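Everything on this sheet refers to the single structure shown next.
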Amino acid sequence: MSLFAISGAIEAGLLFSLVALGVYLSFRVLSFPDLTVDGSFPLGAAVTAVAIVSDVNPYLATLLGTVAGGLAGLLSGYLNVRLRILNLLAGILTMVALYSINLRIMGRPNISLYGEETVFTPFEQFLGLGIWTNCVLLLIVAVAMKLFVDWFLATEIGLALRASGENPGMARAQSINNGRMTLLGMTISNGLVGLAGSLFAQSQGVADVNMGIGTIVTGLAALIIGETLIGNARVAGATLGCLIGAVLYRFFIAAALSAGVLGIQAQDLNLVTAIVVAVAVVLSQARRNRPGPARPALWQRLTRRRFQKG
Amino acid sequence: MLSIQDVFVTFNPGTPLAVNALRGVDLEVARGEFVTVIGTNGAGKSTLLSAVAGDVRPDRGRILIDGKDVSKSPTEVRASVIGRVFQDPRAGTCASLTVEENLSLAASRGGRRSLRSAIRSRGRKAQLAEQLERLGMGLETRLGSHVGTLSGGQRQAISLLMATLLPMKILILDEHTAALDPGAAARVLELSAEITGEQTLTTLMVTHSMRNSLQYGGRTIMMDAGRVALDVSGAERERFDVPDLLELFRKTTGNVVEDDQLVLS
């Protein structure tokens, strides 16, 4: 595996950790199986790309992409909360609609950002890290977003959001408006995904209408790997798991691709991801159905075993 | 304080499964009154409480709290003046949140929730620990524990504390000790009486035990087939024992109570 492939894998992993954070908010915190993600990811990319080629400041363009993603999430939430469409279907409807909308926004299937000024450009010379520039910047962004989610979920509103997702009846009895919490949570979740799409387009130099396919599955894979390794009892642990899970996942995929394990090629990526998620979900279900206390995270089990031996 | 006027509730109206859960309930509860509600399965006790809390909308009739018609406001709006403890200990608390986080959710009930940190200063912590100590369940040292790791009795005691943490108008206890073991049930009942006495709360408590219904509070109503069949309070109630209640019920409705659990527990 070349150094270039490694830095590329870490870069993609850090980008998808933002998706994983969004998926954590919708799937885990809100208990909303949200498939909007496959549409809001390319939406963030499309809006940012169009803005950048129209000579908008790249930071403003990134913000626009993030807001667009958030609005997509708000739409799915609205379909579910106000129009009472099943949450899964609400997400699918938004995702399908966004395919057309993304084509409309870009006016063509893809936009190249080659040679355009992006958020990464000013740092390339300033940091002088060569191919590692994007990794460093994205690490800062990913950690900042992790801390943002940690902070938000510990505020009064964030706590209300968690209660609403876990126990809606109790939330109502504590004067929490569950519908409003769903709208808020979905907006933040897809805002993170839109940001990921926006940065993805800028780091890869292209926005493509098909780049969203499989985003949700990759996000889920990262989330589940993180939960397996670190556990999800505490918010800070779960969000850290999103970062580590996403980077590890992309790293192993890249390793498998470059080593040619089982003849895996780039086009098999979504198949592999789907299989990984299916296996992980089945394993975690088997674990949940087993009576007895919750199973500790992998690192706890490993350290405990060592203690027992000693 | 609480005024229930000619309330009708029908589940699944217009279908073969239609159930007339409440058929013209009239009830006036004065400020500070502790009313115990009793009745056989399907008599409409829980539906009555749900109608007061807002989970069930009446087809007809009005519900007034402090003279204000709340019949049309949703549960989360009424929650600012209504505290509630559910039958299932898991229903009233959030398992994945800590004891402290659950309590802080209750502390912001009815107010505007902001982006301030939900867990505040040390002083606040000490205050909560003090309240928990009163419960006598050793919870004061477990502020940081996830509620999911606590026993049913502990969770129910926390639910009770959450329901009564803020000054409010009406406390609803819906068979809140039915799912607990006898020891924990007795402790939680004692606490309920203690807290409602201290804060002179207007309370509605559904219970499945006739003995408890006479032992606690100052007024007992018995529901039957969606109506209030019996309403005893004051000196008359003081003299009452379970057989008297059964006899009165038979005389009023012409039915015999056949629910063993109601008679024996």
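List of remarks:
- Subset of the range A:130-156 [closer than 19 Å to A:LEU248 by Cβ and charged (D, E, K, R)]: A:LYS146
- Some residue of the range A:130-153 being within 14 Å of another protein chain (Cβ to nearest Cβ), at pLDDT below 95 and within 30 Å of B:ALA53 (Cα to Cα): no
- Options B:LEU180, B:LEU161; residue that is within 14 Å of another protein chain (Cβ to nearest Cβ), touching a residue at least 40 places away in the same chain (Cβ under 8 Å) and within 16 Å of the chain's Cα centre (by Cα): B:LEU161
Quick grid of which residues meet (1) assigned to a helix (DSSP H, G or I); (2) closer than 17 Å to A:GLY8 by Cβ; (3) in contact with a Gly (Cβ under 6 Å, 6 or more places away or on another chain):
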residue: A:ASN190; (1), (2), (3): yes, no, yes
residue: A:GLY194; (1), (2), (3): yes, no, yes
residue: A:ALA201; (1), (2), (3): yes, yes, no
residue: A:ALA207; (1), (2), (3): no, no, no
residue: A:ILE216; (1), (2), (3): yes, no, no
residue: A:ALA222; (1), (2), (3): yes, yes, yes
residue: A:THR228; (1), (2), (3): yes, no, no
residue: A:ALA233; (1), (2), (3): no, no, no
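- Scanning the range A:251-299 for residues that are modelled with pLDDT of 70 or more, outside any helix (DSSP H, G or I) and surrounded by 11 or more Cβ atoms within 10 Å (Cβ to Cβ) yields one hit, A:ILE264.
- Residue check, A:GLY165 more than 13 Å from the chain's Cα centre (by Cα), within 9 Å of chain B (Cβ to nearest Cβ) and part of a helix (DSSP H, G or I): no
- Long-range neighbours under 8 Å by Cβ, at least six apart or interchain, first residue among the acidic types (Asp, Glu) and part of a helix (DSSP H, G or I) within the range A:10-33, second surrounded by fewer than 24 Cβ atoms within 10 Å (Cβ to Cβ) and at pLDDT below 95: A:GLU11/A:CYS135; A:GLU11/A:SER203
- Residue list for the range B:114-124, filter: out of contact with any Leu (no Cβ under 8 Å at 6 or more places or on another chain), in a loop (DSSP other than H, G, I, E, B) and within 9 Å of chain A (Cβ to nearest Cβ): B:SER114, B:LEU115, B:ARG116, B:ILE119
- Residues that are more than 10 Å from chain B (Cβ to nearest Cβ), more than 17 Å from A:LEU35 (Cβ to Cβ), surrounded by fewer than 24 Cβ atoms within 10 Å (Cβ to Cβ) and not hydroxyl-bearing (Ser, Thr, Tyr) do not occur anywhere in the range A:191-203.
- First in the range B:226-244 and polar (S, T, N, Q), second anywhere and at pLDDT 85 or above and crowded, with 16+ Cβ neighbours inside 10 Å, Cβ under 8 Å, 6 or more apart: B:SER233/B:ARG219; B:SER233/B:THR220
- Residue tally, condition of a type in the set (Ser, Thr, Tyr) and either in a helix (DSSP H, G or I) or touching a Gly at 6+ places or on another chain (Cβ under 6 Å) (or both), over the range B:157-182: 2
- Just one of the listed residues (B:GLN127, B:GLN131, B:GLN154) is touching a Gly at 6+ places or on another chain (Cβ under 9 Å) and either more than 13 Å from every other protein chain (Cβ to nearest Cβ) or not charged (D, E, K, R) (or both), and it is B:GLN154.
- For the range B:80-103, the condition holds for no residue, the condition being that it is out of contact with any Pro (no Cβ under 8 Å at 6 or more places or on another chain), within 14 Å of chain A (Cβ to nearest Cβ), modelled with pLDDT under 85 and buried (at least 18 other Cβ atoms within 10 Å of the Cβ).
- Among the residues of the range A:75-114, those identified as small (Gly, Ala, Ser), surrounded by fewer than 21 Cβ atoms within 10 Å (Cβ to Cβ) and either within 22 Å of the chain's Cα centre (by Cα) or at negative phi (or both) are A:ALA97, A:SER100, A:SER112.
- When B:ARG109 is tested against (1) within 21 Å of A:GLY169 (Cα to Cα); (2) more than 8 Å from chain A (Cβ to nearest Cβ); (3) part of a loop (DSSP other than H, G, I, E, B); (4) within 23 Å of the chain's Cα centre (by Cα), just one condition goes unmet, and that condition is (2).
The values are calculated or read from the model by the stated rules, or taken from the named source; none is laboratory data. Just so you know, these numbers come straight off a predicted model, no measurement behind them. Heads up, the Cβs are rebuilt from the backbone with ideal geometry, glycines too, and the neighbour counts pull from every protein chain shown.
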